[in-house]
Amino acid sequence: MTVILARVKQYVSMTEGSEMMTLARFALAGALGIVVLALSACGGGSDTTPSGAKAPSVDAQALFRPELHDKLPKAIQDKGEIVFAGDPHPPYRVVAQDGTVTGFDPDLQKALGAVLGVKTRIEVIAGLPAALTGMKAGRFDAFNGPVKDTPAREKDFDNVVYMTSRTAYLFKQDSDVKDAADLCGKTVAYVSGSIVEGQLEGLSTWCAKATKPAVKGQPLADTNATVLSVRSGRADALGATQAGVLDIQNAAKGQYKYVLQRDEQGAGVDQLALLAPKTGGLGPVLLDAFRVLFESGQYDRIMKAYGLTDVAVDAPALNVAAKP
């Protein structure tokens, strides 16, 4: 398929300015359409989500936008795929023992790839720092997060905001925790560099005002490590997105409970983003691809399939953290 696309593109270049240009453009769209149809059956998702919910199908032909394919960085056009970094983080990314990745991210990325006419692939990494350094080094093209859009991250990365989040805290069924306030003085595990880090600082500030001891944060490599820490008793609770906590709770069947951190406890709503290095120019193209998913209803279908409608947004946005 790569050879076909290259030949068609070469033909487009040779015929530019002539009456054959229009025909060549149609040929390119047709060739890419064939590629996208092939992609819809591979790499990036399964028929069902980890929780058993039916994953939304992708109408690749309807989603494909050749004009956006042409806007992709040349390096991505040439290799025909976008490589995402991804650490284990259910329900966004569920990594099997054989390295297969299922979940929200592969399904969303497959839809974005359909819009852009390229494949998408996840390379499993260990936590956010590895994703950030890997993108800066050019090993990965993007990272789905979910990570908070911040002014600091906007210096190096385009932040495409596509959902929001509230922080939840998961603990064992027999825990005496009834409210986030009960976590003052307790140990809370979280994924290093995640949005929970800032939320815990807010909760500790609230604890201090209530003359209670601060929360003891325990940064770990990934979600699996935080669950293990709670299960073993090294941490009293773990902090994660509400969607992530619900996925863990549902999988464990009655072993855990959770509470949400309220606004007055320093929570608030975080704008969650996909990151892409500014130097590559991929971010604005991904924003346009997200707009297609929103307009077509595919975004809503994916969010519904994973029970994420409560954290959906009305429209995608780019680099909102530094805006007044």
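Observations on the model:
- Number of the exception - Thr226 against (1) without any contact (Cβ under 8 Å) to a residue 60 or more places away in the chain; (2) assigned to a strand (DSSP E or B); (3) crowded, with 21+ Cβ neighbours inside 10 Å; (4) not aliphatic (A, V, I, L, M): (2)
- Scanning region 295-307 turns up one or more residues that are in a loop (DSSP other than H, G, I, E, B), surrounded by fewer than 21 Cβ atoms within 10 Å (Cβ to Cβ) and within 19 Å of the chain's Cα centre (by Cα).
- Answer from Asp98, Asp105, Asp59 - the residue that is surrounded by 16 or more Cβ atoms within 10 Å (Cβ to Cβ) and among the charged types (D, E, K, R): Asp105
- All of Asp288, Asp300, Asp236 fail the test of being of a type in the set (Asp, Glu) and either touching a Gly at 6+ places or on another chain (Cβ under 7 Å) or outside the structural domain of Gly103 (by TED's automatic domain parsing) (or both), apart from Asp236.
- Those residues of region 92-122 which are free of Cβ contacts under 8 Å to residues at least 24 places away in the same chain and either part of a helix (DSSP H, G or I) or of a type in the set (Phe, Trp, Tyr) (or both), in sequence order: none
- Flag if Leu282 is in contact with a strand residue (DSSP E or B) (Cβ under 8 Å, 6 or more places away or on another chain), modelled with pLDDT of 90 or more and either buried (at least 20 other Cβ atoms within 10 Å of the Cβ) or not assigned by TED's automatic domain parsing to the domain that holds Gln199 (or both): yes
- Residue within region 90-110 that is of a type in the set (S, T, N, Q), out of contact with any helix residue (DSSP H, G or I) (no Cβ under 7 Å at 6 or more places or on another chain) and at pLDDT 95 or above present: yes
- Just one of (1) under 20 Å from Phe294 (Cβ atoms); (2) surrounded by fewer than 24 Cβ atoms within 10 Å (Cβ to Cβ); (3) of a type in the set (D, E, K, R) fails for Lys74. It is (1).
- Test: residue in region 249-264 that is buried (at least 22 other Cβ atoms within 10 Å of the Cβ), among the charged types (D, E, K, R) and not assigned by TED's automatic domain parsing to the domain that holds Asn144: no
- Residue within region 181-198 that is in a helix (DSSP H, G or I), of a type outside the set (Phe, Trp, Tyr), in contact with a helix residue (DSSP H, G or I) (Cβ under 8 Å, 6 or more places away or on another chain) and over 23 Å from Tyr92 (Cβ atoms) present: yes
A quick yes/no check of all residues on (1) among the acidic types (Asp, Glu); (2) free of Cβ contacts under 8 Å to residues at least 40 places away in the same chain; (3) more than 22 Å from Gln199 (Cβ to Cβ); (4) assigned by TED's automatic domain parsing to the domain that holds Asn224:
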position: Pro129; (1), (2), (3), (4): no, no, no, no
position: Ala137; (1), (2), (3), (4): no, yes, yes, no
position: Asn144; (1), (2), (3), (4): no, no, no, no
position: Arg153; (1), (2), (3), (4): no, no, no, no
position: Ser175; (1), (2), (3), (4): no, no, no, yes
position: Ala181; (1), (2), (3), (4): no, no, no, yes
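- Within region 130-188, if we keep just the residues that are of a type in the set (Asp, Glu) and crowded, with 19+ Cβ neighbours inside 10 Å, the residue that is nearest to Ala208 (Cα to Cα) turns out to be Asp149.
- Residue in region 120-135 that is among the acidic types (Asp, Glu) and touching a Leu at 6+ places or on another chain (Cβ under 8 Å) present: no
The values are calculated or read from the model by the stated rules, or taken from the named source; none is laboratory data. Here the structure is a predicted model, which means the values were calculated and not measured. Counting neighbours? That spans all protein chains shown, and the Cβs are built from the backbone with ideal geometry, glycine included.
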